[in-house]
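What follows is one structure encoded as structure tokens, with my remarks underneath.
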Amino acid sequence: MIPFLDLGAAYREIKPEIDRAVQRVLESGWYVLGPEVDAFEAEWAEYCGAAHAVGLANGLDALILALRALDVGPGDEVIVPSNTYIATWLAVSAVGARPVPVEPDPATHNLNPSLITAALTDRTKAILPVHLYGQPADLDPILMLARAHGIAVVEDAAQAHGAQYKGRKIGAHGDIVCWSFYPGKNLGALGDAGAITTNNADLADRIRMLRNYGSREKYVNEVQGVNSRLDPIQAAVLRVKLAHLHNWSERRQAIAALYLEGLARTGLIMPHVPDWANPAWHLFVIRSADRDSVQARLTKAGIGSLIHYPIAPHMQAAYSEMGLAADTLPVARKLAAEVLSLPIGPQLSLQNAQAVIEVLTDI
């Protein structure tokens, strides 16, 4: 059996370090925020090339609080990709704004900058590009457009830990960058965790306040905030894993290179990587019009695979009130019917990756 992702193997690889870090927190007696969270925030900001990082409870909260910090709310519109995990849309809805979907570039699966202008209105408050699968979105034209119209850019980088856009790590291109450290991410905690990074000190300070009941000073609440604080045990685990992230990223790159070469002459559509992108390879996503039979072949061979994502957000019951027909966003719908993610975790051996290739070479 070749699992899609073996989280247990990731723990076992660095078990002594993680165990010591958890024990350190348990013995400290400091179980909410505190020095462990402060240290991770400083280390994550430095890694991303950002001035500030704020640890939060999860990636969805990061998106919601980023939008709240920018005063996005009822009556506002936010440009979102039509092809993304639904959390991107849910964050917009959570602050009372309206998600306005824009189709992706079929080659990269990311938000197509050339289509954004047509979706702008006088109610557009922000653009929310997603670095899907760990592939950087094309940020320069998005940022240029946003600056020209006086609107914010919030990046959903939940899958892009260590990815680079034009030689610079994702983490501080837009106004706020939002991160998830869900266990399956390239930098994953042992439960839910998230963060934002930014170069704007005022936005960082506002999000620190919002995550802590709207309070900077105990029992003094300036706004109606929430409880969304990064747990110190998770912060300690993330500090350990951050030291291994570069090595693990190199392993992912080696697997991706093997797949790109080994599957190049099959009938499968391979990921397209622009010259300016250095993906994090959170996922290796192929496409096939006969996706279900490809997945069945892998399953029969004992190889795990997943579909990211089988239902486009506009086709979910959660957004039925928008009244968008299935064919309103044909690119997103087509991708949902064709995409398939192959195993690519850093604990996957090159031998097992080669076994995946051999199963697919006859397609």
Original post:
Of the conditions (1) open to solvent by 60 Å² or more (accessible area, probe 1.4 Å); (2) closer than 21 Å to LEU360 by Cα; (3) over 20 Å from the mean Cα position of the chain (by Cα), VAL294 fails just one. Which one is it?
Top reply: (1)
Original post:
Is it true that some residue in the stretch 214-235 is polar (S, T, N, Q), part of a loop (DSSP other than H, G, I, E, B), closer than 27 Å to ASP140 by Cα and open to solvent by 40 Å² or more (accessible area, probe 1.4 Å)?
Top reply: no
Original post:
Within the group ALA337, ALA332, ALA318, ALA353, which residue is part of a helix (DSSP H, G or I), in contact (Cβ under 8 Å) with a residue 40 or more places away in the chain and under 20 Å from the mean Cα position of the chain (by Cα)?
Top reply: ALA332
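Between ALA332, ALA280, ALA336, which is touching a Phe, Trp or Tyr at 6+ places or on another chain (Cβ under 7 Å), open to solvent by less than 30 Å² (accessible area, probe 1.4 Å) and within 30 Å of LYS169 (Cα to Cα)?
ALA336
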Original post:
Regarding ARG211, is this residue touching a Ser or Thr at 6+ places or on another chain (Cβ under 9 Å), within 24 Å of LEU238 (Cα to Cα), open to solvent by 10 Å² or more (accessible area, probe 1.4 Å) and of a type in the set (Lys, Arg)?
Top reply: yes
Original post:
When the residues of the stretch 340-350 are filtered to those that are in a loop (DSSP other than H, G, I, E, B) and within 22 Å of the chain's Cα centre (by Cα), which remaining residue is surrounded by the fewest Cβ atoms within 10 Å (Cβ to Cβ)?
Top reply: GLN347
**OP:** Check whether at least one residue in the stretch 237-255 is open to solvent by 10 Å² or more (accessible area, probe 1.4 Å), out of contact with any strand residue (DSSP E or B) (no Cβ under 9 Å at 6 or more places or on another chain) and farther than 30 Å from ARG12 by Cα, and report yes or no.
**Re:** no
Original post:
Somewhere in the stretch 257-264, is a residue surrounded by 13 or more Cβ atoms within 10 Å (Cβ to Cβ) and over 25 Å from the mean Cα position of the chain (by Cα)?
Top reply: yes
Original post:
Hey, does the stretch 186-199 have a residue that's assigned to a loop (DSSP other than H, G, I, E, B), open to solvent by 10 Å² or more (accessible area, probe 1.4 Å), modelled with pLDDT of 95 or more and farther than 30 Å from GLU13 by Cα?
Top reply: yes
Original post:
When you look at VAL32, is it open to solvent by 20 Å² or more (accessible area, probe 1.4 Å), among the β-branched types (Val, Ile, Thr) and either touching a residue at least 40 places away in the same chain (Cβ under 8 Å) or touching a helix residue (DSSP H, G or I) at 6+ places or on another chain (Cβ under 8 Å) (or both), yes or no?
Top reply: yes
Original post:
Which one is farthest from the chain's Cα centre (by Cα) among residues in the stretch 26-77 that are charged (D, E, K, R) and more than 30 Å from THR121 (Cβ to Cβ)?
Top reply: GLU27
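The values are calculated or read from the model by the stated rules, or taken from the named source; none is laboratory data. Quantities reported herein were computed from a predicted structural model and do not represent experimental measurements. With ideal geometry, Cβ positions are generated from the backbone for all residues, glycine too; neighbour counts draw on all protein chains shown. Protein only, heavy atoms only, side chains kept; ligands, DNA and RNA dropped before computing areas. Shrake-Rupley method; radii C 1.70, N 1.55, O 1.52, S 1.80 Å.
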